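Data first, discussion second: the structure below is written as structure tokens.
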Number of protein chains: 2
Amino acid sequence: MLNFNVHFPTRIRFGRGKIEELGGEILAYGNKVLLVYGRGSIKRNGLYEQIMQIFRDNSIAYVELSGVQANPRISSVHQGVKLCREHGVQLVLAVGGGSAIDCAKAVAAGVGYEGDPWDFFTGKARINHALPVGAVLTLAATGSEMNSNAVISNDETAQKLGIGSPVLIPRFSILDPEYTFSVPPEQTAAGTVDIMSHVFEQYFSPTPGTFIQDRLAEAILKTCIHYGPIAIAEPDNYEARANLMWAGSLALNGLLKAGKRTDWATHDIEHEISALYDITHGLGLAILTPHWMRYVLDAQTAPRLAEYARNVWNITGEETMIARAGIEKTAEFFESLRLATSLSAIGVEENRLAEMATKATSRGTLGAFKKLEYQDVLNILHAAYGG
Amino acid sequence: MLNFNVHFPTRIRFGRGKIEELGGEILAYGNKVLLVYGRGSIKRNGLYEQIMQIFRDNSIAYVELSGVQANPRISSVHQGVKLCREHGVQLVLAVGGGSAIDCAKAVAAGVGYEGDPWDFFTGKARINHALPVGAVLTLAATGSEMNSNAVISNDETAQKLGIGSPVLIPRFSILDPEYTFSVPPEQTAAGTVDIMSHVFEQYFSPTPGTFIQDRLAEAILKTCIHYGPIAIAEPDNYEARANLMWAGSLALNGLLKAGKRTDWATHDIEHEISALYDITHGLGLAILTPHWMRYVLDAQTAPRLAEYARNVWNITGEETMIARAGIEKTAEFFESLRLATSLSAIGVEENRLAEMATKATSRGTLGAFKKLEYQDVLNILHAAYGG
């Protein structure tokens with residue numbers, strides 16, 4: 001186990017009706033809010049009107065940044081920064097999934113910076129302070145509601161890049177599983193895979209002696225495997241939605257990575273796909289993950305892949321054999337969620353794979369569980385293209 | 001799953017040499033410290049001198065409250081409060097295990113209260129504010145380094161009572177597993193059982209639909225079962241000490257109880273034993289736990305006890321049978337740690353069991369997994385007396 005520092009400062013308000021606590025949470029930081037949301041699903045399900053009522057009851061003034069897209073754009077961030085400055089906003093409140101929350105974080109960081117907030121993503125500038133961020137979560141997937149990270153796309157440069165800073169961690173997040181009842185099956189499936197992928201990126205690590213972290217990771221994987229199919233079949237199943245929602249937050253709040261090196265190669269590759277094609281992140285991960293697993297399986301990685309097969313899928317037998325069986329179980333599980341299984345099936349063009357591999361490795365090798373060079377990434381992309 | 005609020009504000013600094021970060025952590029709150037510690041083990045292992053050097057290097061002034069006992073007394077708390085007031089202390093720093101940290105919390109709460117801090121324990125007064133508390137942990141057991149609770153004994157009234165308040169959660173905790181290398185085998189065993197008991201109190205719950213919490217709980221139990229014996233056999237095994245230390249913090253920081261009703265009957269009974277006999281808390285728990293499990297096993301509780309047997313001990317078979325087998329595995333495991341297995345063996349007198357049962361149930365029935373009345377508690381104590 002490596003040395004680590006962890007801190008989980010987000011106040012979690014979890015469960016049915018927890019929106020009632022929103023007013024009090026906001027007023028701890030001020031009464032001028034930027035409300036960040038997507039394309040109107042919160043108007044259809046009544047959440048928007050509930051929030052308006054809370055704003056009225058608590059004399060909270062607000063401006064809106066709406067229409068934030070699934071892979072949020074830097075143009076939305078620019079717009080949000082402008083609104084915050086014009087209206088003296090004191091807290092950025094995201095209502096939605098990871099896209100709204102990530103956009104809110106980037107806006108919060110940008111307000112106090114004179115240059116273009118994209119500078120944070122390219123490494124040209126550092127985030128030192130930010131407006132406080134709060135979240136009302138409506139999708140179990142990214143974990144952004146309890147962590148320091150944000151990923152934003154730039155159409156002009158065809159880049160999708162991330163930032164991270166402790167000042168971006170939401171001060172509070174309201175997690176009501178009922179808000180995810182209306183998430184359609186494909187989105188529920190993609191969210192489940194996104195959570196599992198976050199766990200994989202931290203579980204598959206070269207660091208020895210991380211027993212407790214690994215058992216915790218397996219706990220979250222089992223939760224996804226148990227409840228993903230239930231939430232798809234019964235969208236209003238509170239127990240399934242609640243377990244998935246809490247799994248999403250715990251998968252990426254720092255708990256699983258504490259004390260270990262983490263991988264993130266699959267995410268890095270997927271970001272290059274969704275930077276070009278605007279596909280759902282979790283869908284891209286579902287296609288890539290089994291191919292990544294097959295590609296990295298070797299004598300050195302087999303023990304951990306076998307441990308995964310044994311502890312998560314209850315497969316017993318000889319090490320390499322069960323490592324392979326665990327990988328195939330993973331692929332079958334993703335397929336059972338009715339997600340596409342090849343890049344070709346979702347419209348990715350074969351002649352752009354090299355470009356993606358180049359961009360993915362432009363800042364060096366990927367991964368830690370197994371290091372990947374340009375040719376490795378291209379091989380994985382080719383395998384995933386065929387499915 | 002029930003609604004819940006959670007918040008983990010403690011900054012964790014985990015690993016070898018993390019004491020280096022102590023100066024910076026303290027100076028965020030001030031430069032006048034009350035140093036709370038026990039009976040000198042930190043002087044023997046060099047930690048005390050390291051801390052003195054950090055105080056000198058950072059111009060931190062300090063006063064000492066030393067000699068805090070294993071079941072810390074309210075008299076130490078009185079003494080600490082007096083020192084804080086006399087010297088204008090700004091932060092209470094505990095160096096030690098749960099006893100030092102619990103004492104530090106009670107002192108921190110008492111400083112701003114005009115009456116006797118024991119009032120907080122009897123419910124006569126409420127904790128509204130406290131001096132900030134920090135911790136340097138030297139024993140993996142109580143979890144006090146990351147939670148809001150403190151347990152203090154009162155010799156005059158022969159009571160051992162607890163308090164809890166968000167303002168008591170340590171602002172930072174330094175967790176260096178190497179500080180536990182010198183913990184002797186019996187203490188290591190008792191600490192391991194203490195951690196497991198904290199998990200049991202939250203795992204054995206009547207709340208349905210808490211899959212993720214239960215898998216996380218099992219992860220921590222497996223960690224204790226795997227590493228407890230290793231840490232006893234090889235006191236300098238960093239991996240074992242590190243996994244146990246982090247297990248202790250995660251077992252009782254709010255993660256496992258989020259969304260469920262919890263039991264705590266075994267702890268409530270044990271507190272009555274150690275209030276009278278000053279035994280090691282973990283030892284009392286090791287004796288009581290298997291008897292509690294046997295006593296509460298019935299048609300309603302069998303499914304969860306069987307789940308425990310299946311997931312933690314890998315026992316398969318018919319429900320009631322494996323529930324029983326899991327209980328016996330637990331008893332055997334505690335025995336394998338060379339802990340006493342009966343109250344009679346540790347000097348408890350049979351003619352005082354009724355008094356303990358009376359006091360344990362003086363504020364109502366105990367437990368939630370199964371509710372226990374006076375006669376139930378007495379039956380468990382009698383069974384544990386014989387072993």
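For this structure, a couple of remarks:
- Residue within segment B:51-62 that is over 21 Å from the mean Cα position of the chain (by Cα), at pLDDT 95 or above and within 14 Å of another protein chain (Cβ to nearest Cβ) present: no
- Looking across segment A:159-174, just one residue is touching a helix residue (DSSP H, G or I) at 6+ places or on another chain (Cβ under 7 Å), more than 14 Å from A:PRO117 (Cα to Cα) and not in a strand (DSSP E or B), and that is A:PRO170.
- Candidates in segment B:23-47 are the residues that are in a helix (DSSP H, G or I) and over 23 Å from the mean Cα position of the chain (by Cα); of these, the one that is surrounded by the fewest Cβ atoms within 10 Å (Cβ to Cβ) is B:ARG44.
- Flag if A:ALA258 is closer than 30 Å to A:ARG16 by Cβ and within 12 Å of another protein chain (Cβ to nearest Cβ): no
- Looking only at segment B:365-387, residues that are part of a helix (DSSP H, G or I) and not hydroxyl-bearing (Ser, Thr, Tyr) come to 11 in all.
- Residue count for segment A:243-281, restricted to those that are within 30 Å of A:THR157 (Cβ to Cβ), part of a helix (DSSP H, G or I), modelled with pLDDT of 95 or more and in contact with an Asp or Glu (Cβ under 7 Å, 6 or more places away or on another chain): 2
- Number of the exception - B:GLU178 against (1) touching a Ser or Thr at 6+ places or on another chain (Cβ under 8 Å); (2) surrounded by fewer than 24 Cβ atoms within 10 Å (Cβ to Cβ): (1)
- In segment A:244-251 there is no residue that is more than 14 Å from chain B (Cβ to nearest Cβ) and more than 27 Å from A:SER342 (Cβ to Cβ).
- Within segment B:351-364, tally of residues that are under 19 Å from B:TYR295 (Cα atoms) and either surrounded by 15 or more Cβ atoms within 10 Å (Cβ to Cβ) or in contact with a His (Cβ under 8 Å, 6 or more places away or on another chain) (or both): 5
- Selection from segment A:183-238 of residues that are assigned to a helix (DSSP H, G or I), within 13 Å of chain B (Cβ to nearest Cβ), farther than 30 Å from A:LYS43 by Cβ and of a type outside the set (A, V, I, L, M, F, W, C): A:TYR203, A:GLN213, A:ASP214, A:ARG215, A:GLU218, A:LYS222, A:THR223, A:HIS226
- You will find that of B:ASN237, B:ASN243, the residue that is without any contact (Cβ under 8 Å) to a residue 24 or more places away in the chain, in the same structural domain as B:ALA299 (by TED's automatic domain parsing) and surrounded by fewer than 21 Cβ atoms within 10 Å (Cβ to Cβ) is B:ASN237 and no other.
- Residues of segment B:1-44 satisfying the condition of being among the aromatic types (Phe, Trp, Tyr) and away from chain A (no Cβ under 11 Å): B:TYR29, B:TYR37
- Any chance B:LEU216 is buried (at least 24 other Cβ atoms within 10 Å of the Cβ), touching a residue at least 12 places away in the same chain (Cβ under 8 Å) and more than 18 Å from the chain's Cα centre (by Cα): yes
The values are calculated or read from the model by the stated rules, or taken from the named source; none is laboratory data. These numbers come from a predicted model, not from an experiment. We place every Cβ from the backbone using ideal geometry, glycine too, and count neighbours over all the protein chains shown.
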